[in-house]
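Encoded as C-alpha cells, the structure appears first; notes follow it.
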Amino acid sequence: PDIVVGGPGGGQGTAYFTSGIDDPIGSGWLRLTTDVINQRGYAYIDRSFPSGMGVLVDFEYKMWRSNSDGTYYGADGLSVFLFDATVPFSLGGYGGSLGYAPNTVGGSPEGLAGGYIGVGLDAYGNFSNPTEGRVGEVGGGERPNAVVLRGRTTNDPTTTNEYLAGVQLST
C-alpha cells in the first residue's frame, strides 16, 4: 500500500506491474518503462525514514529492448534515489537523465524535486554526460555500462544534480 507507481503518461509512459497484463497473474515485474524512446516511469515507497545512518537497498532488475531503431540498441538505464518527502514529488528528465537529473532538451528543466542523492545504473552512458542540462563530469562524455552518483537538486542549473563520481564497469 505504500508503493506509488506512475509516470507522466501519454508518449512518456507510465510504470506498471506486469502481472495479469504482460505476464501471468501472480508473476511478473515492476516495469518502469516500455522499449519506446523518451519514457520515464517511476516507483517509490511513500514512507519516510531517517537516512542519517545510511540505507541498504537490495533488488533485482533487468534492462532490455526488444526492437532496434538502427541507432539505439539498448536501454538507457535506471536510477535509485533519495528525496525529501516534504517536497511534492516531481520526476526529472527522461533518457540519459534517468528521471533524476534535468533534460532541458526534453522539456524537463529541473531534476527530481527534493532529490538529494541519485545512483544511476547507466547502460547507455549519458547519466555522466554534460549534455541536455546535466551538470557532468569535467571533460566527460558518454560512459556506458557505468554506475554514476549525482548530487542534490538545486535551483541553480549550474549545480543541480551535479555529477559526483562514476565507475565504468565495461566498455
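Brief remarks on what is shown
- Extending 7 Å from Cα along the Cβ direction at residue 3 and again at residue 45 yields two label points whose distance is 1.1 nm.
- Assigned charges on the beta-carbon of Lys, Arg, Asp, Glu; the chain dipole about Cα centre (debye): 40
- Of (1) 22.3, 71; (2) 15.6, 48; (3) 15.9, 51, the label for Rg and Dmax of the Cα atoms in Å derived from the coordinates: (2)
- Per the Kirkwood formula applied to alpha carbons, the range 111-168 shows a radius of gyration over Rh ratio, Rg over Rh, of 0.94.
Rule-based calculations on the coordinates, nothing more; no lab input. Since the model is a prediction, treat every value here as computed from it, not as a measurement. All Cβ positions, even for glycine, are placed from backbone atoms using ideal geometry, and neighbour counts span all protein chains on display.
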